[in-house]
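Q: Sharing a structure here in structure tokens format.
Bear in mind that the values in this text are calculations on the coordinates, not laboratory data. Everything numeric in this text was worked out from a predicted model, so none of it was measured. Note that we place each Cβ from the backbone using ideal geometry, even for glycine, and neighbour counts take in every protein chain shown.
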Amino acid sequence: DTAVSQTPKYLVTQMGNDKSIKCEQNLGHDTMYWYKQDSKKFLKIMFSYNNKELIINETVPNRFSPKSPDKAHLNLHINSLELGDSAVYFCASSQGTGTGSAPLHFGNGTRLTVT
Amino acid sequence: GQQVMQIPQYQHVQEGEDFTTYCNSSTTLSNIQWYKQRPGGHPVFLIQLVKSGEVKKQKRLTFQFGEAKKNSSLHITATQTTDVGTYFCAGPTGTASKLTFGTGTRLQVTL
């Protein structure tokens, strides 16, 4: 069984469209994250949720809206997609309250290409 | 803001040679974590160091946490083609203690 699964694996869409990425973890972790990896491989945190509560919200355009219906799921909705949104988006989870003391378990990533 | 830098950005070695990547933080870290990302894959947790001056080994990999807890290193002895990938250090930074990843070191190993 996959521990952290995200769908879809690939997403190709045009500028201006709205899209969603879904993530689920079956590890029983309390904290989930969205990270963005750009073409230079830099990994940057976007959001983190602990028990459905938003705890980290980095400087991310408000076109990006995370939603956590329960602690096992964290989805990412993106409105009005722009070319610069093209990247690989990783979902991750960890034990604890997300204070950086517990290792992260990453999903396989969603490669988003905006044309 | 807080930064975690790694050097080198890229290293290409012949199989059997040693490899080291260095990680430097602008602030003291409560712990340092290391991850490996294979080409086309996702980051996978390798190890966590907590104590000042701590050294841990995993087979051919040696991890070290600096005395001031602001730097760390990963050394691979006698590299193999299976070591290919990007190695990231990561540590909690900022008031929210978010896990900030280093800039990464991409390792290429050829026969």
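Q: Evaluate E = 1/(1 + (r/R0)^6) for residue B:67 and residue A:18, where r is the Cβ-Cβ distance and R0 equals 41 Å; express this FRET efficiency to the nearest 0.05.
A: For R0 = 41 Å, the calculated efficiency reads 0.25.
Q: Would you please name the chymotrypsin sites (Phe, Trp or Tyr not before Pro) within the stretch A:19-115 that are DSSP coil residues with at most 16 other C-beta atoms within 10 Å of their C-beta?
A: Passing both the DSSP loop test and the Cβ count: A:42.
Q: Per residue of B:87-95, how many C-beta atoms from partner chains lie within 10 Å of its own C-beta, taken as a mean?
A: Neighbouring Cβ atoms belonging to other protein chains average 2 per residue here.
Q: Please compare each pair in A:67/B:36; A:19/A:71; A:36/A:71; A:36/B:56; A:36/B:69; A:9/A:36 to a cut-off of 24 Å on the Cα-Cα distance and tell me which ones are over it.
A: Where the Cα-Cα span goes over 24 Å, the pairs concerned are A:67/B:36; A:36/B:56; A:36/B:69.
Q: Same structure again: If you take each beta carbon of peptide A:35-42 and count the beta carbons of other chains within 10 angstrom, what is the mean?
A: Partner Cβ neighbours, averaged per residue: 3.
Q: Computed FRET efficiency, Cβ-Cβ of residue A:83 and residue B:27, R0 30 Å: what is it to the nearest 0.05?
A: That gives a FRET efficiency of 0.35.
Q: If you take the charge dipole of the stretch A:13-115 about its Cα centre, with +1 on Lys and Arg Cβ and -1 on Asp and Glu Cβ, which of A:47, A:84, A:106 is farthest toward its positive end?
A: Towards the positive end, the residue furthest out is A:84.
Q: Which three semi-axes in whole Å describe the equivalent ellipsoid of chain A, each the square root of 5 times a Cα gyration tensor eigenvalue, listed largest first?
A: Largest first, chain A gives 23, 14, 13 Å.
Q: Given a Förster distance of 30 angstrom, what is the FRET efficiency for residue A:65 paired with residue B:3, based on the Cβ-Cβ distance and rounded to 0.05?
A: Calculated value: 0.60.
Q: As a test of the definition: which semi-axes, in Å, follow for the stretch A:75-115 when you take the square root of five times each eigenvalue of its alpha carbon gyration tensor? Largest first, please.
A: After scaling each eigenvalue by five and taking roots: 27, 11, 8 Å.
Q: Springs between alpha-carbon pairs under 10 angstrom, Gaussian network model over chain A: which of A:13, A:31, A:99 fluctuates most?
A: Most flexible of the set in this elastic network: A:99.
Q: If you don't mind, another one. When all C-alpha to C-alpha distances in the stretch B:1-100 are sorted into bins of 5 Å, what percent of pairs does each bin hold, rounded to whole numbers?
A: Using 5 Å bins, I get a P(r) of 3, 13, 24, 25, 19, 11, 5, 1, 0 for the stretch B:1-100.
Q: What's the exposure ranking of A:45, A:55, A:78, going from fewest to most Cβ atoms within 10 Å?
A: So the ranking, lowest neighbour count to highest, is A:55, A:78, A:45.
Q: Run through the stretch B:1-84 and list the trypsin sites (Lys or Arg not before Pro) located in a DSSP loop whose Cβ has at most 11 other Cβ atoms within 10 Å.
A: Here the trypsin sites (Lys or Arg not before Pro) that fit, given the DSSP loop and packing criteria, are B:51, B:59.
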